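Notes follow once the structure below has been shown.
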Amino acid sequence: MTSFLLLALALAASVRAVPAEAPTVPTEQIFPVAAVKSHVFSSADASRGKRGVAYNNPDFVKHFDIPRSKVSWIYNWYSAPGDTRIWWEFSPMLHSNRPDHTGIWFQNVETCSKVYPPGKINVLSFNEPDQCGNGGACMQHIPTTVDEHRRWIEPLRSKYGDRLIVGSPAITNGVGDPANGNIMGLPYLKEFLKQCHGCQIDFVVIHWYDSARNPGYFKWHVEQVHRETGKPVWITEFGPSGTEHEQALFLTDVLPWLDAQPYVHRYSMFMASQGNLIKPDGTGLSELGVIYATY
């Protein structure tokens, strides 16, 4: 009965598996020399944990550098970080195959490899290619996604070798697009992995949106993705909807669980924005933001 209820929740999520507020994707290279020189090491660097910050406004990142913060990495749906003034590891993403993203992709990845501390380079492939709204890459034709991944991600292997760690395209937790019948979510991801034979995919990337009262569905979905792909999991967006109290209860339930799962390598809540993890006036973390950063 429990499995049936969780499956029903997953099917219901197909109509709300994307954020209500779409992230803003920059369209120009943002690697100012002054910003690089002004970066400072964060108090959380030593932990090298799983918890990350998804942001658009780089000014908000510094708010997560507080005592007992468990944040250790950042990303912004783009390939350059902006002036965050925090030396947490930045994971570049190729948001889509649009020329304004691909035209500076290789250059920005190279800059990341030099600016941040030496070691692995975690690269993120396309953002929600399985859907065409709310910030999705809108690449629902999987053979095209595979071709574009081979064109823009695979060449990094010869340049960076063992330093390179590659993530799959980030998929929603939907199951199908009601507008055109295209597959979404885990079915899309599994078909991508099948067609991208020989591609270097070191971890799979997923997003999750549903009610804050459904932590069981969240855990079940993450487990299912790992079980059916056999790969480590990054959850680069998760958004529990509900009251602030309900969201807080959700976080105090799932954060320890995420930290305890060996196959969950990284995660980031959606997102560092005003009225969400950031105070409405932008001056610091909201109460929910403090819980996310430190619990």
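The values are calculated or read from the model by the stated rules, or taken from the named source; none is laboratory data. Please read all numbers here as calculations on a predicted model, not as lab measurements. Counting neighbours? That spans all protein chains shown, and the Cβs are built from the backbone with ideal geometry, glycine included.
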Every residue in region 60-89 that is in contact with a Pro (Cβ under 8 Å, 6 or more places away or on another chain), aromatic (Phe, Trp, Tyr) and on the phi < 0 side of the Ramachandran plot, please. TYR75, TYR78, TRP87
Hey, among the residues in region 44-65 that are more than 15 Å from THR84 (Cβ to Cβ) and surrounded by fewer than 21 Cβ atoms within 10 Å (Cβ to Cβ), which one's modelled with the lowest pLDDT? ALA46
Condition (residue is closer than 22 Å to PRO187 by Cβ, in contact (Cβ under 8 Å) with a residue 24 or more places away in the chain and not in a helix (DSSP H, G or I)) applied to region 98-116: is it met by at least one residue? no
Could you list, in sequence order, all residues of region 236-295 that are surrounded by fewer than 17 Cβ atoms within 10 Å (Cβ to Cβ), under 22 Å from THR172 (Cα atoms) and in contact with a strand residue (DSSP E or B) (Cβ under 7 Å, 6 or more places away or on another chain)? SER241, GLY242, TYR263
Of (1) more than 14 Å from MET93 (Cβ to Cβ); (2) under 20 Å from the mean Cα position of the chain (by Cα); (3) not basic (Lys, Arg), ILE165 satisfies every one except (1)
Identify the single condition in (1) touching a helix residue (DSSP H, G or I) at 6+ places or on another chain (Cβ under 6 Å); (2) surrounded by fewer than 17 Cβ atoms within 10 Å (Cβ to Cβ); (3) in a helix (DSSP H, G or I) that GLN200 does not satisfy, given that it satisfies every other one. (3)
Just for region 126-160: of the residues that are small (Gly, Ala, Ser) and either at pLDDT 95 or above or buried (at least 17 other Cβ atoms within 10 Å of the Cβ) (or both), which one is farthest from the chain's Cα centre (by Cα)? SER158
Selection count where residues are touching a residue at least 60 places away in the same chain (Cβ under 8 Å) and not charged (D, E, K, R), scope region 256-273: 10
Restricting attention to region 160-196, which residues are touching a residue at least 24 places away in the same chain (Cβ under 8 Å), assigned to a helix (DSSP H, G or I) and either among the charged types (D, E, K, R) or within 20 Å of TRP105 (Cα to Cα) (or both)? TYR160, ARG163, LYS190, GLU191
Evaluate region 130-139: report whether one residue or more is touching a strand residue (DSSP E or B) at 6+ places or on another chain (Cβ under 6 Å) and within 13 Å of ALA170 (Cβ to Cβ). yes
Condition (residue is among the small types (Gly, Ala, Ser), in contact (Cβ under 8 Å) with a residue 40 or more places away in the chain and in a loop (DSSP other than H, G, I, E, B)) applied to region 120-127: is it met by at least one residue? yes
